[in-house]
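Contents: one structure, followed by commentary.
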Amino acid sequence: MKLTLKIWRQTDANDAGGMHTYDVDDVSADMSFLEMLDVLNEQLNAKGEEPIAFDSDCREGICGMCGLMINGEAHGPVTTTTCQLHMRSFTDGETITIEPWRSDAFPVLKDLVVDRGAFDRIIQQGGFISVNTGSAPEAHAVPVPRDDAMRAFNVATCIGCGACVAACPNGSASLFMGAKITHLGELPQGQPERDSRVVNMVAQHDHEGFGGCTNIGECTAACPKEIPLDVISQLNKDLRTAMKHGH
Amino acid sequence: MTDMPDTTLTSDPSHDAPLPVDTDDAADYYTPGAPIADTKAPQGSIDQRWQTRKFEARLVNPANRRKLDVIIVGTGLAGASAAATMGEAGYNVKSFCYQDSPRRAHSIAAQGGINAAKNYKEDGDSVHRLFYDTVKGGDYRSRESNVYRLAEVSTNIIDQCVAQGVPFAREYGGLLDNRSFGGVQVSRTFYARGQTGQQLLIGAYQALERQVAAGTVATFTRHEMLEVIVVDGKARGIIARDMVTGEIETHLADVVVLASGGYGNVFYLSTNAMGCNVTAAWRAHRKGAYMANPCYTQIHPTCIPVSGSHQSKLTLMSESLRNDGRIWVPKKKADCGKDPREIPEEDRDYYLERIYPSFGNLVPRDIASRAAKNVCDEGRGVGPEVDGVRRGVYLDFRDAIARLGKDGVEEKYDNLLDMYERITGENPYEVPMRIYPAVHYVMGGLWVDYDLQSSIPGLFVTGEANFSDHGANRLGASALMQGLADGYFVLPHTIRDYLADGPFEKVDEAHPAVVEARTSVTDRIEHFLTVNGTRSVDSYHRELGHIMWEYCGMERTEDGLKKAIDLIRTLKDDFNRNLKVLGTADSLNQSLEKAGRVADFIELGELMCIDALNRRESCGGHFRAESQTEDGEALRHDDQYAYVAAWEFAGDGEKPVLHKEDLVYTAIEMKQRSYK
């Protein structure tokens, strides 16, 4: 198939940037979206034009490195990561608009590459259980009800890609944060730090310039791992509880 | 210590049959060096060695630890766990990764599980059995002291991860569930659906970020290590490039740890992430670190077949699928193009179950891969023809769905089957999946002693980047075990013996060794940007991959390997004269990043072929067509090749020097592997 691509290009964080149009031929339906961009980049390189910078690593939907706004949707039209989106989801002759994640808290570094360091800084403020290496009790010392373990797992599948932020009209990272709060809060091991975790993570979230949640739900619709919206309710509930406890 | 009883093993006298004298196929390609005499493993009973070493390793006073600078390159399981643990201990740690966050390292993609000798199933497992299975699975080419230690600490890993909140699969009673994996007959694999690597890495990542907040670890993301700094024979730091600004940075330290992963991307197409590379390890190799057994490559049997020339990577389907899926091809070539659902039971060849009745679909990876290649070579492969051959076999869940129900299968494997459907457009609940082997892991890596220290003092190597634990073939669910064993429980003990002599004399940035390292980095970058040729980096990478897969892949021959070496040398020459890299050095430049990596892959590829040429035997994942039994199984030659091949870099254009470390087994008897 043949496609017309409108792609955001920006030389560095200080550049204003703008949309550029490219034509790409010989796209096969079995290609992944990123392989289609690889083909375009080879063409650009051959013409002496600098290839388009975009992030990707595992290309199997788990590392969270890739992420593009495709026709205005985070990761494009299918519920998956950009690397797992295939060209069979598009039609011959289509025009596709490709932009970087949209969020003040994720500044553009170049073209389609953004800085998501804010996510790491949120985790630093409490997205862990404090247990030094070697000090753990026997793994079977504390049984965990199967349903709790399953819920913890289901939300722990968050890949930290940032689609939730990019999709949110407020630029909120509440889904990302709620997933971590819920993952650790479901487990007995996560209880001792439960209050301080939520308070400190939320403070860092606000400090980074992410917006507040107004229950729009774009985040969960865009999430490639289908993290459910109720993790945000859990986040709010945990925050209320912590504040009642005097945090 | 007595050997494990094993009903299926037979001693094969042919191992001791002397080869003709003139069998050093690689004689013209290397220089013999002095043997490696000492691996620093303590003597004595194998189950006491680690205890002895931990006790003998000197301690570092807590007040001194913060004066000791530790650089750790890589944030996968082996790197993040080491950085977190060293930080907790109070050392001053700098952690580097090329990704935008430590959480993205490729350990995250491991699907199936992690082994540990917990024996929760009471099915006869033990530390000794895990040790035995790992040595046997590695075809008796690993170092027994290291493997025993790995099995020993495996149980601590599970305790640690559970305490961190890793949500492993559990039974209804709330206790941990296990499954079995290839090459073993017990259930010792802990798992978190098909995303075990992700969950373990996030556990380690969170522990790492906790130390960042505590001020003991500083992270340097989007940084690539491009050179190691060696001062007076000791590793004292690295040169790294800030991949956003292009700035070349000097980072000095008392000790350097490489946890930079494996080099499977030398094959271009592999299940590795796009960025996985050998550069950190290769730059260290060029500075004096021996590279051990580089030809030992694991070709994973269950990957999604190649669909076309645009392919940028291959996707693994977890080996755990072999627990319930059955592998088959049609008995008749004429059936290969048919809808598999129309092929009756009696016309299907469940070839693994037929050839290996004891282990069936759960034979080790190397055996399953070669069997798939063989049936496809016979013309019984399935799926679309690529270059005139159908390269695929069926992995069928029909019987599992009948037995467990669709829900039962979904619960165990849902995300994997979904992923398959997304990539291929076919629904595996209705049509059998098609799989084919792909490069997945490398057992070779930088040589390390028992302390995980390389041949450069002060340079330690952990995880897939080192060579020590898996011999010539790694068992499933053992990579995660090794990465975390090294990082959480081994390195923090062994490295303190080295650091007990520190802090070392301060190195000045103007020191000639630092200047030399910086200059070599900047000169190389300048070179890539000024060749101004006509070919892209990717085109060279692809060509290198073709050469490696064709001649140094699942089956290797003397003629093929010699041809590959010639082709690689020609490719290298062309790369140096005809490369085209656009953009600048002082900005984010992904082509420039790739150029450095591909340059190193080209040099590594040549060494892999020389190593494969030298080893005229078949063992594990290394199959030399010249060395096989009558029924086509790998045939080792223990009398000649029971050694680790540790290669020393001798200079550009010079022949590498081969140092041999003899493998001596005291706790296990070397036998012919048999899974029949």
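Considering only residues of the range B:271-281 that are among the aliphatic types (A, V, I, L, M) and more than 13 Å from B:VAL598 (Cα to Cα), which is surrounded by the most Cβ atoms within 10 Å (Cβ to Cβ)? Talk me through it step by step, then tell me what you get.
So in the range B:271-281, the residues among the aliphatic types (A, V, I, L, M) come out as B:273-274, B:278, B:280-281.
Remaining after also requiring more than 13 Å from B:VAL598 (Cα to Cα): B:273, B:281.
Numbers: B:ALA273: 27, B:ALA281: 30.
The residue in question is B:ALA281.
Can you confirm whether A:GLY190 is more than 20 Å from A:ALA166 (Cα to Cα), at pLDDT below 95 and small (Gly, Ala, Ser)? Let's see the steps before the verdict.
Working: more than 20 Å from A:ALA166 (Cα to Cα): yes; at pLDDT below 95: no; small (Gly, Ala, Ser): yes.
Taking the combined requirement at face value, the residue does not satisfy it.
Answer with yes or no whether A:THR97 is polar (S, T, N, Q) and more than 9 Å from chain B (Cβ to nearest Cβ). So A:THR97 passes the test.
Under the condition of being in contact (Cβ under 8 Å) with a residue 60 or more places away in the chain and either aromatic (Phe, Trp, Tyr) or more than 14 Å from chain A (Cβ to nearest Cβ) (or both), the residues counted in the range B:484-505 number 10.
I'd like the full set of residues that are β-branched (Val, Ile, Thr) and either in contact with a His (Cβ under 7 Å, 6 or more places away or on another chain) or modelled with pLDDT under 95 (or both), limited to the range B:305-353.
Across the range B:305-353, the qualifying residues are B:VAL306, B:THR315.
Scanning the range A:135-151 for residues that are surrounded by fewer than 16 Cβ atoms within 10 Å (Cβ to Cβ) and at the interface with chain B (Cβ under 7 Å from one of its Cβ atoms) yields a count of 5.
Look at B:VAL382 and say whether it is touching a residue at least 12 places away in the same chain (Cβ under 8 Å), more than 22 Å from the chain's Cα centre (by Cα) and either surrounded by 24 or more Cβ atoms within 10 Å (Cβ to Cβ) or outside the structural domain of B:ILE435 (by TED's automatic domain parsing) (or both). Give the derivation first.
Details: touching a residue at least 12 places away in the same chain (Cβ under 8 Å): yes; more than 22 Å from the chain's Cα centre (by Cα): yes; either surrounded by 24 or more Cβ atoms within 10 Å (Cβ to Cβ) or outside the structural domain of B:ILE435 (by TED's automatic domain parsing) (or both): yes.
When the stated conditions are applied, B:VAL382 passes them.
In this structure, A:ALA203 does not satisfy being outside the structural domain of A:ILE62 (by TED's automatic domain parsing) and touching a strand residue (DSSP E or B) at 6+ places or on another chain (Cβ under 7 Å).
Scan the range A:4-33 for residues that are over 22 Å from A:THR81 (Cβ atoms), facing chain B (nearest Cβ under 8 Å) and either of a type in the set (D, E, K, R) or buried (at least 20 other Cβ atoms within 10 Å of the Cβ) (or both) and the total you get is 1. Of all the residues in the range B:282-323, those that are crowded, with 24+ Cβ neighbours inside 10 Å, of a type in the set (Gly, Ala, Ser) and within 14 Å of another protein chain (Cβ to nearest Cβ) number 1. Considering the range B:563-601, the residues that are outside any helix (DSSP H, G or I) and surrounded by 22 or more Cβ atoms within 10 Å (Cβ to Cβ) include one that is farthest from the other protein chains (Cβ to nearest Cβ), namely B:LEU579. Scanning the range B:82-107 for residues that are more than 7 Å from chain A (Cβ to nearest Cβ) and assigned to a loop (DSSP other than H, G, I, E, B) turns up B:GLY90, B:TYR91, B:CYS97, B:TYR98, B:ALA105. Within the range A:38-65, how many residues turn out to be basic (Lys, Arg) and at the interface with chain B (Cβ under 7 Å from one of its Cβ atoms)? So the count comes out to 1.
Annotation note: of B:ASP418, B:ASP414, B:ASP407, the sole residue that is within 29 Å of the chain's Cα centre (by Cα), part of a helix (DSSP H, G or I) and without any contact (Cβ under 8 Å) to a residue 60 or more places away in the chain is B:ASP418.
Tell me yes or no: at least one residue of the range B:108-118 is without any contact (Cβ under 8 Å) to a residue 60 or more places away in the chain and either within 14 Å of chain A (Cβ to nearest Cβ) or in contact with a Gly (Cβ under 8 Å, 6 or more places away or on another chain) (or both).
Taking the range B:108-118 first, the residues without any contact (Cβ under 8 Å) to a residue 60 or more places away in the chain are none.
No, there is no match, as no residue in the range B:108-118 is without any contact (Cβ under 8 Å) to a residue 60 or more places away in the chain and either within 14 Å of chain A (Cβ to nearest Cβ) or in contact with a Gly (Cβ under 8 Å, 6 or more places away or on another chain) (or both).
Selection over the range A:26-57 of residues that are of a type outside the set (A, V, I, L, M, F, W, C), free of Cβ contacts under 8 Å to residues at least 24 places away in the same chain and touching a strand residue (DSSP E or B) at 6+ places or on another chain (Cβ under 8 Å) gives a count of 1. For the range A:67-83, the criterion of being in contact with a helix residue (DSSP H, G or I) (Cβ under 9 Å, 6 or more places away or on another chain) and within 7 Å of chain B (Cβ to nearest Cβ) is met by at least one residue.
Out of A:MET36, A:MET1, one residue alone is part of a loop (DSSP other than H, G, I, E, B) and surrounded by 16 or more Cβ atoms within 10 Å (Cβ to Cβ). It is A:MET1. Mind counting the residues in the range A:100-127 that are polar (S, T, N, Q), within 7 Å of chain B (Cβ to nearest Cβ) and under 18 Å from the mean Cα position of the chain (by Cα)? Residues in the range A:100-127 being polar (S, T, N, Q), within 7 Å of chain B (Cβ to nearest Cβ) and under 18 Å from the mean Cα position of the chain (by Cα): 1 in total. Whenever a residue of the range B:520-537 is within 14 Å of chain A (Cβ to nearest Cβ) and farther than 23 Å from B:ALA284 by Cα, its partners that are among the hydrophobic types (A, V, I, L, M, F, W, C) and outside any loop (DSSP other than H, G, I, E, B), lying with C-beta atoms within less than 7 angstrom and at least six residues away or across chains, give the pairs B:LEU529/B:LEU592; B:VAL531/B:LEU579; B:GLY533/B:LEU579; B:ARG535/B:LEU579.
Yes/no per residue for (1) farther than 20 Å from B:PRO305 by Cα; (2) modelled with pLDDT of 95 or more; (3) surrounded by 20 or more Cβ atoms within 10 Å (Cβ to Cβ):
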position: B:CYS376; (1), (2), (3): no, no, yes
position: B:LEU416; (1), (2), (3): no, no, yes
position: B:GLU421; (1), (2), (3): no, no, no
position: B:GLY425; (1), (2), (3): no, no, no
position: B:PRO432; (1), (2), (3): no, yes, yes
position: B:TRP447; (1), (2), (3): yes, yes, yes
position: B:GLN453; (1), (2), (3): yes, yes, yes
position: B:ILE456; (1), (2), (3): yes, yes, yes
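Taking the options A:THR214, A:THR220, A:THR241, name whichever one is within 11 Å of A:ALA179 (Cβ to Cβ) and out of contact with any Gly (no Cβ under 9 Å at 6 or more places or on another chain). Give the derivation first.
On the way: A:THR214 fails: within 11 Å of A:ALA179 (Cβ to Cβ); A:THR241 fails: within 11 Å of A:ALA179 (Cβ to Cβ).
Only one candidate qualifies: A:THR220.
Only one entry of B:ASP133, B:ASP177 meets the criterion of being more than 7 Å from chain A (Cβ to nearest Cβ) and free of Cβ contacts under 8 Å to residues at least 24 places away in the same chain, and that entry is B:ASP177.
If a residue must be more than 10 Å from chain A (Cβ to nearest Cβ), under 24 Å from B:MET419 (Cα atoms) and in contact with a helix residue (DSSP H, G or I) (Cβ under 6 Å, 6 or more places away or on another chain), how many such residues does the range B:182-193 contain? I'd like the intermediate steps shown before the answer.
Going through the range B:182-193, the residues more than 10 Å from chain A (Cβ to nearest Cβ) turn out to be B:182-189, B:191.
Within this subset, residues satisfying the condition of being under 24 Å from B:MET419 (Cα atoms) are B:182, B:189, B:191.
So of that shortlist, the ones also in contact with a helix residue (DSSP H, G or I) (Cβ under 6 Å, 6 or more places away or on another chain) come out as B:182.
So the count comes out to 1.
The residues of the range B:154-174 that are surrounded by fewer than 22 Cβ atoms within 10 Å (Cβ to Cβ) and in contact (Cβ under 8 Å) with a residue 40 or more places away in the chain amount to a single one, B:ASN156.
Within 30 Å of B:ASN374 (Cα to Cα) and part of a loop (DSSP other than H, G, I, E, B) - does that describe any residue in the range B:478-499?
Taking the range B:478-499 as the starting set, the residues that turn out to be within 30 Å of B:ASN374 (Cα to Cα) are B:478-480.
Next, from what is left, pick out any that are part of a loop (DSSP other than H, G, I, E, B): B:478.
Within the range B:478-499 (the criterion being within 30 Å of B:ASN374 (Cα to Cα) and part of a loop (DSSP other than H, G, I, E, B)), the answer is yes, since at least one residue qualifies.
B:VAL153 meets the conditions (1) over 18 Å from B:SER107 (Cα atoms); (2) assigned to a loop (DSSP other than H, G, I, E, B); (3) within 21 Å of the chain's Cα centre (by Cα) in every case but one. The failed one is (2).
The values are calculated or read from the model by the stated rules, or taken from the named source; none is laboratory data. As the structure is a computational prediction, the values presented were derived from the model and not from experiment. Reconstructed Cβ throughout: ideal geometry from the backbone, glycine too, with neighbour counts over all protein chains shown.
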